[in-house]
Amino acid sequence: MKILVTGGTGYIGSHTVVELQQKGFDVIIVDNLSNSDINVLSSIEKITGIKPEFEEFDMIDRDKTADFFKRNNDIQGIIHFAAYKAVGESVEKPLMYYRNNLFSLVNILQGMKDNNIENFVFSSSCTVYGQPEELPVTEDAPVQKAESPYGNTKQISEEIITDTVKSTDIKAIALRYFNPIGAHESAIIGELPIGIPNCLMPFITQTAIGIREQLRVFGGDYNTPDGTAIRDYIHVVDLAKAHVIAVDRMIKKKMKKDFEVFNLGTGNGFSVLEVIKSFEKVTGEKLNYRIVDRRAGDVEQVWADTKFANDELGWKAEKDLDEMTLSAWKWELALKNLQT
Ligand code: UD1
């Protein structure tokens, strides 16, 4: 069983490759290395003993993508991670985001159609819900107008998939991630932010290790118990495992609809201050932080209703917040050791 993982050297992609290999799948990665490091391939091999097949090119190139599928007609399924993901950057460079995230999707779906590949797992986001009216948020909650071009690419992608599934033999599962954090327990792979991280967890670990001076907590006046915003943080390995289950469900033809959508979260919301407290508790580090104004575009609170994923996929996130923050810290320490 050969699975194509686009963006397989990235953060969630690399963890998913490990889980796929450990379940006996053969993996071929396509990545343009625009936001990842080639050495991740050897790191994956260190964990699993298997170096995944790898091709470096950009799937926004239609001819190269078509040629790739012709040469690899034994692919049984695709997990599509490769995309730009920085919200702020997408506001500055919308065309770059639309071109990259949408053209590559179209080229891949075309390759699937032309080569009779049926199984497609798409990396979506809870960002499609905006600030939901009801919490926890279910998959049936209305999709709200996107706050950013990045968010819009996720919404448009889901629409492109919906239309394609109706007119082809392609089946799809969109996984709407909540907030993935943490790293593999081996501390051999993890998140590798280039430049200043946008996301909370790498900013915390980089501050604690001395790369950043201070964490700014965006907003202390939200309508939440401690005034800081609430998210559903999920361990990246739990998230990765859900992808393997999704692929397996498709291959075994267990889907109930041709396009299924699942929330991937723990079902628990934690505030920014709770994440900081967990980090300080499990690491013994004191974090330098200060509460500042809200960040534009942030929602106040969101966490997942996980019932559908739990019941249908038979999957449940297992790791708690302390395990997430500790694994993120071990990864940051491992990175430091690598660099010294
Ligand atoms: C992130 C991504 C979004 C993705 C979503 C779900 C960004 C900006 N957003 O959303 O694309 O769809 O996950 O996977 O990358 N915070 C601070 N200080 C910081 C950084 C963050 O206080 O330096 C706060 C934020 O205000 C927020 C929480 O931490 O309340 C989480 O932020 P972040 O990790 O950036 O994730 P989201 O914005 O929820």
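The values are calculated or read from the model by the stated rules, or taken from the named source; none is laboratory data. Treat the numbers as computed from the prediction; the structure is a model and nothing was measured. Note: ideal-geometry Cβ built from the backbone for every residue, glycine included; neighbour counts use all protein chains shown. For the accessible areas, the whole protein counts, side chains as well, though only heavy atoms, and no ligand, DNA or RNA atoms are used. Shrake-Rupley method; radii C 1.70, N 1.55, O 1.52, S 1.80 Å.
Below is a table of values for the structure above.
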{"item": "Residue match in the range 209-226 (condition: outside the structural domain of residue 312 (by TED's automatic domain parsing) and within 12 Å of the ligand (Cβ to nearest atom))", "result": "no"}
{"item": "Answer from 147, 185 - the residue that is away from the ligand (no atom under 16 Å from the Cβ), out of contact with any His (no Cβ under 7 Å at 6 or more places or on another chain) and of a type in the set (Asp, Glu)", "result": "185"}
{"item": "Strands (runs of 3 or more DSSP E) within the range 4-121 that include 2 or more residues of a type in the set (A, V, I, L, M) and crowded, with 22+ Cβ neighbours inside 10 Å", "result": "26-31, 75-80"}
{"item": "Residues (surrounded by fewer than 17 Cβ atoms within 10 Å (Cβ to Cβ), within 9 Å of the ligand (Cβ to nearest atom) and more than 19 Å from residue 204 (Cβ to Cβ)) located in the range 248-307", "result": "297, 300"}
{"item": "Positions within the range 129-157 being under 19 Å from the mean Cα position of the chain (by Cα), modelled with pLDDT of 95 or more and open to solvent by 20 Å² or more (accessible area, probe 1.4 Å), in sequence order", "result": "138, 139, 143, 149, 150, 152, 155, 156"}
{"item": "Residues of the range 67-92 satisfying the condition of being within 12 Å of the ligand (Cβ to nearest atom) and touching a Phe, Trp or Tyr at 6+ places or on another chain (Cβ under 6 Å)", "result": "84, 87, 90"}
{"item": "Residue satisfying all of: in the range 113-142; of a type in the set (A, V, I, L, M, F, W, C) and away from the ligand (no atom under 13 Å from the Cβ); farthest from residue 233 (Cα to Cα) among these", "result": "117"}
